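Any read-out appearing in this document is the output of simple, stated calculations on the displayed coordinates, not a laboratory observation. Since we're looking at a predicted model, the values are computed, not measured. Don't worry about glycine lacking a Cβ; one is built from the backbone with ideal geometry, like all the others, and counts go over all protein chains shown.
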Amino acid sequence: MTKIDVEKRKQELINYINTNYKLPLNWKEYFEDGGDMRLWFDSIYHLDKFKNYNQELNELFNKYNIHVLTSLEKEQEFREYVSRRRQIPRVHEYTFSDNSDMAIWYLTYKDEHEEFETSIQENLPEYQELDLAEIWSDCKDEFLDIIKSQGRIPRHGEFKINDRGIDVRTIFDKLVSFDPDYSERLLLHLETFHNPHCLSKEDRYLEYKVAVTTLGYEPDIQELRFSDGTDMFTWITKYRTEEFQKEIDSITNPKPEREVNIYYIPEFRKTGGKFYTICTNYGERLDLAGINSFEEAKKLDPTIKKSGGLILKKTDIIKNHNPGGDK
């Protein structure tokens, strides 16, 4: 777009606001060159190169009592709408208080904010009232066919079970609590689909037992990985079972004592320098930037100890014989 086009659009938008005392609605008002007024405004508002122009717009907003909503404010208004209407608005059905289209905003926003989308879906009748136990045997095959054909869990609203019109993603969300073992096996299948070298759950259990036998203790976070690259600690935290844990307990020895080096950056107090600890036998790193006392550091990690009454002595080695125990 040439500079002349931009300047022309600037003036057309100002003329619209001066005439209508509000911002244009998405897909309703257009520039003379055919561009959507609201989409263009949303794309240039807050940009540094439009700083002077946006200041001019802000003066108009103050004059006509127009408030451009932030994303968080739109989230709140959208939640209120869904809670009140118990449905997601359709395009051009409802607008935010700044005259932007709710549905158009949501269609774009949810793609980058899945947690927000899920929280919205959980407030809808089709989610709250769906009893998966009643329909699971009838829709299981079609549900699984859709998942396998896509190689992923669909987003809300993407696919529906044909003869019932039930959202496939809603079924999956319910399945997590209805049959957690089935949903975990399904996720593992999808992981294998995208990574052919991904180990099965049984193979990971086996590799984990070999690792524990070799180490004499259970690996900590980022200490060891499975042969397919997955962090052992992270995975076993999720998939540990009571029966498997009994097997592990039968082969583990007490962990080696935990050594902590505290490194002191000179002139810490005067220059605002930083210090941190490194647990040498686990590879942990505890960032103590901004910590001003031993008491504050201990709140972050109760196993930290003083040595000779000092905490900031350079390369001071601290041996912890009772992790998390004595002060």
Ranking I88, S100, L72 by how far each Cα lies towards the positive end of the charge dipole of the stretch 71-121 (+1 on Lys and Arg Cβ, -1 on Asp and Glu Cβ), the top one is I88
My understanding is that a pair violates if its Cα-Cα distance is over 31 Å; which of K28/K63; K8/K110; K110/K209; K140/K201; K51/K74; K51/K110 do that in this structure? K8/K110; K110/K209
Alpha-carbon centroid distance for the pair the stretch 75-114 / the stretch 196-236, whole angstrom: 44
I need the calculated FRET efficiency for the pair D5 and E122, taking r as the beta carbon distance and R₀ as 41 Å, to the nearest 0.05. 0.35
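Determine the gain in length on full extension of the stretch K51-Y30; use 0.36 nm per residue of separation and subtract their C-alpha separation, reporting nm with one decimal. Numbers along the way, then the final one.
Details: separation 21, 0.36 × 21 = 7.56 nm, distance 2.27 nm.
Going from the current span to full extension adds 5.3 nm.
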Quick one: dipole size for the stretch 3-64, taken about the Cα centre, charges +1 on Lys/Arg Cβ and -1 on Asp/Glu Cβ, in debye to the nearest 20. 140
Per residue convex hull volume, Cα atoms of the stretch 129-194, in Å³: 82
At what distance in nm do the modelled label points of K238 and E114 sit from each other, each positioned 7 Å from its Cα along Cα→Cβ? 1.1
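Stretched out fully, how many nm does the piece from Y182 to K299 gain, at 0.36 nm a residue minus the Cα gap? It would help to have the intermediate numbers written out before the result.
Details: separation 117, 0.36 × 117 = 42.12 nm, distance 4.01 nm.
That pair, Y182 and K299, stretches by 38.1 nm at full extension.
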Mind listing the long-range amide H neighbours of T95? Cut-off is under 5 Å, sequence gap 5 or more, other chains count too, H placed in the peptide plane at 1.01 Å from N. M102
From the C-alpha coordinates alone, can you work out the Kirkwood hydrodynamic radius of the stretch 1-111, in Å? 14.9
Expressed in nm to one decimal, what extension gain is obtained for the pair K209 and Q87 from 0.36 nm per residue of sequence separation less their Cα-Cα distance? 39.0 nm
Non-local amide H neighbours of I166 (under 5 Å, H modeled in plane, Pro and chain starts lacking H): which ones? I161
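Assuming 1.567 mPa s and 4 °C, estimate D for the stretch 3-64 with Stokes-Einstein, Rh taken as the Kirkwood radius over Cα pairs, in µm²/s. Write down the numbers at each step before the final one.
On the way: Rh = 11.8 Å.
Value of D from the Cα-based Kirkwood radius: 110 µm²/s.
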Give the dimensionless ratio obtained when the Cα radius of gyration of the stretch 71-121 is divided by 2.2 N^0.38 Å. 1.00
Output for the stretch 201-249 (equivalent-ellipsoid semi-axes, sqrt of 5λ from the C-alpha gyration tensor, Å, descending) is 15, 12, 10
